[in-house]
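Everything below concerns the one structure shown next.
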Amino acid sequence: MVHEPTAQYLQEKVSEAKVHFERALDCKHTEFDDLYPYMIEHPQFFWYKRYVAWSELLTVVKLCNELGVAWRHQFSVTQAEYIDKRVMSAKVLDYWFEKNDSKEHVGH
């Protein structure tokens with residue numbers, strides 16, 4: 001039986017996507033590394049890994065928006081603006097963590 005996603009479930013998915021993106025920004029291990037271990041040998045790997053994580057984050061946020069689920073409280077104002085613009089620019093990569101309320105870039 002399929003259940004409709006709850007707001008809490010979607011907010012957890014946003015949180016997971018945020019951590020995944022931040023780990024990719026910090027060049028830390030992600031699930032992507034396990035799926036494509038051969039890519040570590042290629043210089044474009046980190047760009048692609050970040051792109052995949054960014055796309056995941058945008059997809060989950062899009063679902064939240066369509067279903068009226070709050071997600072902005074998990075991000076700084078600046079981060080939410082980057083997400084609204086949807087483009088993973090050099091500015092996003094360089095300044096994602098600036099003025100971030102978290103104690104460190106990635107929790108673990």
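The values are calculated or read from the model by the stated rules, or taken from the named source; none is laboratory data. Quick caveat: nothing in here was measured; it's all calculated off a predicted structure. Cβ coordinates were reconstructed from backbone atoms using ideal geometry, including for glycine residues, and neighbour counts include every protein chain displayed. Just so you know, the surface numbers come from the protein's heavy atoms only, side chains and all, with ligands and any DNA or RNA stripped out. Shrake-Rupley method; radii C 1.70, N 1.55, O 1.52, S 1.80 Å.
In region 80-108, the residues that are at pLDDT below 90 and part of a helix (DSSP H, G or I) never reach a residue that is hydroxyl-bearing (Ser, Thr, Tyr) and open to solvent by less than 90 Å² (accessible area, probe 1.4 Å) with C-beta atoms less than 9 angstrom apart, at least six apart or across chains. Put simply, of VAL60, VAL92, VAL52, VAL77 the only residue that is farther than 17 Å from GLU16 by Cα, surrounded by 15 or more Cβ atoms within 10 Å (Cβ to Cβ) and of a type in the set (Val, Ile, Thr) is VAL92.
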